[in-house]
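Read through the structure below, which is laid out as structure tokens, and then see the notes.
Laboratory data are not the source of any read-out in this text; all were calculated from the coordinates shown. The shown structure was predicted, so the numbers you read here are calculated from the model rather than taken from an experiment. Positions of Cβ are backbone-derived with ideal geometry, glycine not excepted, and every protein chain shown enters the neighbour counts.
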Amino acid sequence: MTLRLYNTLSRTKEEFVPIDPEIVRMYVCGPTVYDFAHIGNARPVVVFDVLFRLLRHLYGEDHVAYVRNITDIDDKINARALERRGARNVPILDVVRELTSETGQIYDEDTAALGNLPPTRTPRATEHILPMVTMIAKLVALGHAYMAEGHVLFDVSSKADYGKLSRRSLDEMVAGARVEVAPYKRSPMDFVLWKPSDVATPGWESPWGRGRPGWHVECSAMSEFYLGETFDIHGGGIDLVFPHHENEIAQSEAAHREHAMANYWLHNGFLNVEGEKMSKSLGNFVTIHELLADWPGDVLRLNMLRSHYRQPMDWTVHGMKESWGMLERWYDAAEPIASRRIGDAFLAALCDDLNTPQAIAELHKGSVEELSGGLSLLGFSVVSERIEAKSSVDAGEITRDIGARNAARKARDFKEADRIRDKLLAKGIVLKDGPEGTTWEVKR
Ligand code: AMP
Ligand code: ZN
């Protein structure tokens, strides 16, 4: 089946042709780890996980390399680390490590709870300073970068096609977000490759003094390190098109004799909460961690996938409730692994630029085998566990156990009653005592 993907570079849906079908290569910009990730940050994680799973289905499990970086050096991280260090007499880089390892671990747990596979590699920026320094040195040698007041800057005027991804005019770019005006820049568009660090800030020795890399060069250097000069797919949220991805392209192409950095550029739309942009001041800033305390990960995952990835989406409690109801009906209908099948219409929808809403609609129409196969391809992990449990449960035996437990309770032998309850719990069966008597369900 032909996979078609919307390429931001061409603004069209294109047939996906990998450079080497033996190893399809994808890079996605990962989190800056200093705090809990919000539900908007979960969107690229889920979207590109579905693409990763689809590619594994189409090309084979061992034939897809997915790299997602961890930004563990950044001014916000440094500020948090300084606060955290307080009066302790330890090197600042150690505190950065502490902070980013803790936050990174929570991120891994939260994203795993949403049913995402770990990427093939998750490189940390601080462990790849050398490839970054090497790339910057190359850019300087080639005349694409210059030094000014301890900084190394990329000279945007040295790259004739700068702006080709975002298709912005220079004026729009200057007025755009995250462009820093500084006196040492030849042009306000020039961006930092390396900046000096004072003693209180983490830094590494380099040909330009002790300093740290800029954000954009991280991705260019690490994607080259793991995936080569040109790879297949580069992804991230739509806010990264400019300046982050524009700058990644400029650096990588300039360093690689103008070879393309990636052939397909994919961007997910933004997520709002209850109709508003998420922000701490509006009080609608929702972390993945908080949501997972109240909602099963599968519900959050389904809620994410009910919108097409390129559309803006509105994250609401109403939507999560609907998604939960849908999953419950699927749990009841789906069958064990033995009878999985990937439906043609379902797969065609996914291959049409990851049309997950359409794919989900096809699951409703398809057979039970196709429902089970589709849920599993989409990464609904708990569903599979619950379905497996369902298949191994002997309902007659549970009914007999419930009878024995009720008899024990009547005889005030609570020890025996608890033993029976715990025995069932160990098999994943939860008993619920209500006015109608005792019912049971498979633990989620
Ligand atoms: P950041 O840590 O801010 O660099 O974001 C990590 C990833 O989440 C990037 O791919 C962003 O584009 C994406 N992202 C951030 N906020 C949202 C949002 N509200 N909706 C969708 N994606 C987002
Ligand atoms: Zn990046």
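The table below lists the values:
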quantity	calculated
Calculated FRET value between Asp413 and Glu441, using beta carbons and R₀ = 25 Å, to 0.05	0.50
Local electrostatic count, Arg421, Cβ distance below 12 Å [Lys/Arg +1, Asp/Glu -1]	+2
Exposure proxy order (Cβ contacts within 10 Å, fewest to most) of Cys351, Cys29	Cys351, Cys29
Using alpha-carbon coordinates, inclination of helix 75-85 to the longest axis of the chain, degrees	70 degrees
Length released on extending from Ser279 to Leu82, taking residue separation times 0.36 nm less the Cα-Cα span	68.5 nm
Computed E for Glu180/Ile398 - FRET, C-beta separation, R0 45 angstrom, nearest 0.05	0.10
Restraint check, Lys13/Lys164; Lys138/Lys195; Lys321/Lys365; Lys159/Lys195; Lys138/Lys159; Lys76/Lys280, Cα-Cα greater than 19 Å	Lys321/Lys365; Lys159/Lys195
Once the Cα gyration tensor of region 47-170 is diagonalised, semi-axes √(5λ) in Å	30, 28, 14
At most 13 other Cβ within 10 Å, DSSP loop - trypsin sites (Lys or Arg not before Pro), region 40-134	Arg88
In Hz, Karplus ³J(HN,Hα) per residue of region 321-327 (6.51, -1.76, 1.60; θ = phi - 60°; x = Gly, Pro)	5, 4, 5, 4, x, 4, 5
Residue order, fewest to most surrounding Cβ atoms within 10 angstrom, among Thr439, Thr356	Thr439, Thr356
Pairs of alpha carbons in the chain whose separation is greater than 35 Å (percent)	40 percent
Length gained when the stretch Met147-His308 is fully extended (0.36 nm per residue, less Cα-Cα span)	53.6 nm
Selection from Val17, Gly373, Gly236, by position along the positive dipole direction of the chain (Cβ)	Gly373
